[in-house]
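One structure is given here, and the rest of the page talks about it.
Please treat every number below as a calculation from the coordinates, not as lab data. Being a predicted model, the structure only gives us computed values, none of them experimental. For neighbour counting, all protein chains shown are included, and Cβ atoms are generated from backbone atoms with ideal geometry for every residue, glycine included.
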Amino acid sequence: MTAPRTYLSTTIPYVNARPHLGHALELVQADVLARHRRDRGDQVRFQTGTDDNSLKNVLAAQAAGIGVQEFVDRNAEAFVALAGPLSLAVDDVIRTSRDPRHQVGVHRLWRACADAGDLYRRHYQGLYCVGCEQFYTPAELAGGRCAEHGTVPQPVAEENWFFRLSRYGDRLRDLIETGGLRIEPAGRRNEVLGFIAGGLEDFSVSRSTARARGWGIPVPGDPGQVIYVWWDALGNYISALGYGTRDSGYDRWWTGATSRVHLVGKGVLRFHAVYWPAILLSAGQPPPTHILVHDYLTIEGRKISKSAGPAIDPATLAAEYGTDALRWWLLRDIPRTGDADFTPARLITRANTDLANGIGNLINRVITLIHRYRDGEVPASDEPAPDAQDLDRALSNAAPQIDAALSDFDFRQATAAVWSITEEANRYISKTKPWALARSEDAAAPDQLDSVLGTLLHACQALGEHLEPFLPDLAARITLQCRAADGRLPAPAPVFARLTPAQTAQPG
């Protein structure tokens, strides 16, 4: 029987500036889902990339006084390089200005929609936000300003190509209501259904070459127009699979996938849950199966942004506090719904509480006890472990609870299932008092001690296994610490050091 195939992608960010912590959130979430599905036996492809063909990029390059391609290449490299400090197991990265797969894929998609009768030219006048790369109606603005960027959109009048989105309202509603396209959390699903119920209008899918400053992918057969950056960017999800080159990867990872999963921020939900499925339906291609939506990270209540407001470099954070601490805060502290405010103090507190005092201390205690009372040899006993019901329950429940939480796109609940093993194992040490069993003159005490230590070692090994999708580096250190060579465990060594401000976390 063929294993299920999961295709998992992040949005591709504009490269008008270097990455910020918000990008790390989505990348880490996607990495957890990819690792988890691999652990459960799925075939998985995890893809990310960069959106190079934006007017925002052109304007930022001009402000920097360098060529657009040079500017884009420099910033794109910073996004690609995040795989190292974030410990990402990415399978593919596509860059829309450089990758030869992309333009041919976007052109094929365009022609397919044109053949379906869904592209036409007309004159248009509207209010355009450069930050969103999107037109807005006056009713969609908050006090005349874009709600996302706080800027006043520019009035623009020109003739563009339009996509007949108005044809697809009923099909999109049916797709979502029947579960063919699952949007999580449910509040975001309702938001999309509400938008569709309000009536869908055709939208502009090209820009004049002059207004785009000559940057972008030309419209097939119309060199005076470039393809709208959002159409271009959305196409990356299939162009990277070989849609344009008719590569077998497209059949394997899109049409033949069990799940086609997009992770997106709430600010781009409409593009992914309305525009993108409609474009695919027009082109005769299957839509995504899942759209998983996260909210924003903030600093002092303000959205983290590349172009305005506060920004934090995730690579710098990882270098200062360690990849494990950064990933754990992003997964353990961020709620399923609602924005989350970041401070270094919160990251440090969470890492010290859970990783140093909790998991790290547990591993060290257990390995130290085995070395002290059994000379490092793995305990073996036929006796059932005394008073182990609560710990056994946490161990047996962990996998199904993690599966259910990640199916609901709830990383806080998933990490809580792992944390419960730590809590119960530490309680079990206090309850059974291995040091007292080691001093006892009761004839049954040696077997009881072996049983207790064996149970605790098993719990530590399970922690390493269950932590792997969330904290692959820490999980590897735990596994190494709990793996016996010739029946003997390694000498106890810290797997996570306590953090202090401006201090790099390194085990040792």
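Brief remarks follow.
- Relative to the Cα centre, the charge distribution of the stretch 23-156, modelled as +1 at Lys and Arg Cβ and -1 at Asp and Glu Cβ, gives a dipole magnitude of about 240 debye.
- Of all DSSP beta bridges in the chain, antiparallel share, percent nearest 5: 50 percent
- Helix 68-80 axis, angle to the chain major axis (alpha carbon atoms, nearest 10°): 20 degrees
- Charge tally around residue 474: other residues with Cβ under 11 Å, Lys/Arg +1 each, Asp/Glu -1 each, net -2.
- Note on the stretch 5-312: dipole from Cβ charges, positive end direction compared against 220, 46, 104; the farthest Cα belongs to 46.
- Pairwise Cα distances in the stretch 214-357 exceed 28 Å for 41 percent of all pairs.
- Separation of alpha-carbon centers, the stretch 211-269 and the stretch 91-166, rounded to whole Å: 13 Å
- Three principal axis extents of the chain based on alpha-carbon atoms, in descending order, are 93, 50, 40 Å.
- Near residue 296, the amide H atoms lying under 5 Å from its own belong to 339, 340; only residues 5 or more places off or on other chains count, and H is placed 1.01 Å from N.
- Spherically averaged projected area in nm², based on the convex hull that wraps the Cα atoms of the stretch 135-266: 10.2 nm²
- In degrees, nearest ten, helix 411-432 long axis to first principal axis of the chain (Cα): 10 degrees
- A Cβ-based charge dipole, computed about the Cα centre of the chain with Lys and Arg at +1 and Asp and Glu at -1, lands at about 1100 debye.
- Scalar couplings 3J(HN,Hα) for the stretch 273-278, obtained by applying the Karplus form with A = 6.51, B = -1.76, C = 1.60 to θ = phi - 60°, are 9, 10, 4, 5, x, 5 Hz; x denotes Gly and Pro.
- Loop trypsin sites (Lys or Arg not before Pro), the stretch 46-134, which have at most 15 other Cβ atoms in a 10 Å radius of their Cβ (DSSP): 98
- Lys/Arg +1, Asp/Glu -1 at C-beta; the chain dipole; positive extreme among 373, 492, 290: 290
- Distance in nm between pseudo-label sites at residue 190 and residue 70 (7 Å out along the Cβ direction from Cα): 5.3 nm
- Segment residue 368-residue 89, extension gain: residue separation times 0.36 nm, minus the distance between their alpha carbons: 97.2 nm
- Exposed GluC sites (Glu not before Pro) absent: longest stretch of the chain, with sites in DSSP loops and at most 12 other Cβ within 10 Å deemed exposed: 1-200
- Helix-only CD estimate at 222 nm, as mean residue ellipticity for the chain, using -39500 (n - 2.57) per DSSP H run (n ≥ 4): -13000 deg cm²/dmol
- For the stretch 346-395 and the stretch 406-473, distance of Cα centres in Å: 4 Å
- Residues whose placed amide H lies under 5 Å from that of residue 182, excluding near-sequence neighbours: 290, 291
- Tilt relative to the chain, helix 55-64 - C-alpha long axis, 0 to 90 degrees, to 10: 80 degrees
- Total formal charge among the other residues, if their Cβ is under 11 angstrom from that of residue 150, Lys/Arg +1 and Asp/Glu -1: +2
- Pairs of lysine residues in the chain - Cα separation under 25 Å, sequence separation of 8 or more or cross-chain: 5
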